[in-house]
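Everything below concerns the one structure shown next.
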Amino acid sequence: MKPPVDKASLALGAYVYAVLAFIIIPLVIVIPMSFGTSDYLEFPPRGFTLKWYQEFFDSRQWRNATWLSAQVAFLTAISASIIGTAATYAMVRGRSSLATLFQILLIGPIIVPHIALAVGLYLFFQSIGLSGTVPGFVLAHTILALPFVVFTTASALGKVDANLEAAAMSCGASRFNAFRLITLPLILPNVISGALFAFIISFDEPVVSFFLSGVRYKTLPRRMFEDIEQNLTPIIPAIATLLIVLSIAILAIAFLMRSRAKA
Amino acid sequence: MSGLATLLLLSPFFAIIAFVFIYPLAQLLYISFTEPAPTLDNYARVVTNPVYARVLMRTIWTAVLVTGLAVLLGFPVAYFMSRARGTTAALVGTCVILPLWSSVLVRTAAWSFLFQREGLINSGLMALGITSEPLRLLYTQGAVVVAMTHVLLPFMILPIFGSLRAIPNDYLRAAAVLGASRFATFREVLLPLSLPGIASGSLLVFLTALGFFITPALLGSPQELMIATLVSQQIREVLDWPFASALVGVLTLFVTLLALIFSKTLRFDRLMGAQS
């Protein structure tokens, strides 16, 4: 039964769509701005050009930053999903007394301010020569991505019947083979979507990268930060547009994976 | 599964957390108490120097403001989303989730375009005749509050949505049948049942807002520092590590304490759960 449309519902609807406009407009506005011909930012943009995109792809600095971020994000996705899946499997299947400790440590990187982690890692990594290196970025980003990988994997693993593995093992499979052949295929869509989340978390991560970036090795967000701080040029809307397209693509794949898993 | 196997599978997790999370934070805390000599001076400076005490108060006040705004903007959206079906539900859900997974820098940059002297907000205000000349919007505390609310709003909407979605429609219909007005239904049914979601969202937004760095650094005024920007300034410009460590120490201890006290209300899985 549909409730009758009255003034209160209309007011609620109007309010909600106004808030949604507030949420979406700042994201949408950068797209037309990235095609504007003038050298400074204006809205609405005059003319149409792809020169800012060309400038981005032609610039050695931007290319290096993007490549560094992509490498780091790819390695972070791999390390976070392996470490996260192993830990989740142990927590869900094993009767571990470490459950409370595990949960506290898992939530830690979400709760503790990123600025604190960034400053701590800056000091520590500087002293052991990991600052501004790919392994340094990957280690730091893995910490930030782990909770999301664990949440995504745990929700799938909780639904897989433990008896399936018991059956496989009673037929002579080792626990590892039972996991590899039975459980992993069942939770794979969630593991992959967790890895995709880890990729995007790392690729976009600004705070830790701000402190860990060296003079030579700067991630894309670090370069963007400098550009926004110093000279706001239309190259930023162009990069923003590319990043938005990337997030939409990754989100879409992640959701497709998970909805297929449910079907 | 044997205890040994469980431990083996968990060891990479514990190792990386110990190495990259606990050790660096412990080292910072250690420095804050021991340099230049075993001392509490670094902490005394944070609390007694009026400049820094004001930074602390400003940070807390900004976080309170952002949290309040996020509840006011977020609750109706969460309610609408929890009752919507089909295309509407998908549309609203996408609007809420998309920003969550798009870069904080992109969103902060977008606000700096909007807040510019010749930006859309100023030209809109002038076209409507509300002001005759462009206002100074960028590099103000107001800009920081608006942009932070924008960045953190999904963290408020999703937990509230999670608790509202769990309320069966029958409850609302029953209230209506019994003659409750809409406001009474909201006050007596919706609000009490969604309180855990509101608490979880508010805590998440408040704690995150306290440590926010990127948005205040890019949109805020240098005269109205927030704690994270002050930390970065102390490290990059003043090179005062012990004092910066104390600032980080105060922030981290405060946030951790709040999180521990309210740990029952924090439901992180809701953030992911609401996405499925």
If R₀ is 45 angstrom, what is the calculated FRET efficiency for the pair B:Leu4 and B:Thr94, using the beta carbon separation as r and rounding to 0.05?
0.45
What are the ³J(HN,Hα) values, in whole Hz, obtained from phi via the Karplus relation 6.51 cos²θ - 1.76 cosθ + 1.60 with θ = phi - 60°, for each residue of the stretch A:168-174 in sequence order, with x given for Gly and Pro?
4, 6, 6, 8, x, 6, 6
With each run of n ≥ 4 DSSP H residues scored as -39500 (n - 2.57), what mean residue ellipticity at 222 nm is computed for chain A after dividing by its residue count and rounding to the nearest 500 deg cm²/dmol?
-25500 deg cm²/dmol
Computed over chain A: longest principal axis from alpha-carbon atoms vs helix A:134-157 long axis, angle to nearest 10 degrees, is 60 degrees
May I ask you to order B:28-40, A:218-230 by the average number of other C-beta atoms within 10 Å around their residues, highest value first?
A:218-230, B:28-40
If you fit an axis through the alpha-carbon atoms of helix A:184-204 and take the longest principal axis of the Cα set of chain A, what angle between them do you get, 0 to 90°, nearest 10?
30 degrees
Could you give the DSSP H helices of chain B that reach 24 angstrom or more along their long axis (alpha carbon positions) and whose average Kyte-Doolittle hydropathy is no lower than 0.0?
B:50-83, B:141-165, B:191-210, B:241-261
Spacing of the two label points (7 Å from each Cα toward its C-beta) at B:Asn49 and B:Ala180, in nm:
5.4 nm
Between A:Ala8 and A:Glu229, take the C-beta separation as r, use R0 = 51 Å, and let me know the FRET efficiency to the nearest 0.05.
0.65
Return a whole-number percent for the relative contact order of the stretch B:18-124, with Cα pairs under 8 Å and 6 or more residues apart as the contact set.
7 percent
Would you please put A:120-131, B:157-168, B:84-95, B:232-243 in order of how densely packed they are, using the mean number of other Cβ atoms within 10 angstrom per residue and starting with the highest?
B:157-168, A:120-131, B:232-243, B:84-95
When A:Asp204, B:Asp41, B:Asp170 are arranged by how many other beta-carbons sit within 10 Å of their Cβ, fewest first, they go B:Asp170, B:Asp41, A:Asp204
For the protein assembly as shown, with the dipole built from +1 on Lys and Arg beta-carbon atoms and -1 on Asp and Glu ones, taken about the Cα centre, which of B:Thr67, B:Ala174, B:Thr39 lies farthest toward the positive end?
B:Ala174
Averaged over the residues of A:91-99, the number of partner chain Cβ atoms within 10 Å of each residue's own Cβ comes to 4
Considering only C-alpha atoms, what is the centroid distance from the stretch A:86-107 to the stretch A:4-34, in Å?
41 Å
State to the nearest 20 debye the size of the charge dipole of the stretch B:131-208 about its Cα centre, where the only charges are +1 on K and R beta carbons and -1 on D and E beta carbons.
80 debye
Could you tell me which residue out of A:Pro45, A:Val19, A:Met33 lies farthest along the dipole of the stretch A:1-73 toward its positive end? Charges go on the beta carbon: Lys and Arg +1, Asp and Glu -1, centred on the Cα centre.
A:Val19
May I ask you to order A:206-215, A:175-184 by the average number of other C-beta atoms within 10 Å around their residues, highest value first?
A:206-215, A:175-184
Which value at 222 nm does chain B reach when only helices count, each DSSP H run of 4 or more adding -39,500 (n - 2.57), with the total divided by all residues and rounded to the nearest 500 deg cm²/dmol?
-23000 deg cm²/dmol
Hey, for a label at B:Glu118 modelled as a point 7 Å past Cα toward Cβ, could you say which residues of the stretch A:22-55 have their backbone N under 14 Å away?
A:36-47
Gyration tensor on Cα atoms of chain B, a ≥ b ≥ c root eigenvalues, a/c under 1.5 rounded, else prolate if a/b beats b/c, else oblate, says oblate
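Please compute the average number of Cβ atoms from other chains found within 10 Å of each residue's Cβ in peptide A:13-24.
6
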With each label point set 7 Å from Cα along the Cα-Cβ vector, what nm distance links A:Ile25 and A:Arg60?
4.3 nm
Towards the positive end of the charge dipole of chain A, with charges on Cβ (+1 Lys, Arg; -1 Asp, Glu), say which of A:Trp67, A:Asn163, A:Ile78 has the farthest Cα.
A:Asn163
Computed for chain A: size of charge dipole around the Cα centre, +1 on C-beta of each Lys and Arg, -1 on C-beta of each Asp and Glu, debye to nearest 20, value 720 debye
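Counting only other chains, and only Cβ atoms inside 10 Å, what mean value do you get across the residues of B:23-30?
What the average comes to for B:23-30 is 5.
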Give the aspartates and glutamates whose C-alpha is closer than 14 Å to that of A:Lys51, dropping any in the same chain fewer than 8 places away, or say none.
A:Asp39
Work out the FRET efficiency for A:Ile107 and B:Ser11 from their Cβ-Cβ distance, taking R0 = 22 Å, and round it to the nearest 0.05.
0.65
With angles folded into 0 to 90 degrees, how steeply does helix A:99-111 sit against the dominant principal axis of chain A? Use alpha carbons for both and round to 10.
0 degrees
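Laboratory data are not the source of any read-out in this text; all were calculated from the coordinates shown. Note that the structure is a prediction, hence the values are computed from the model and not measured. Ideal geometry is used to build each Cβ from the backbone, glycine not excepted, and the neighbour counts take in all protein chains shown.
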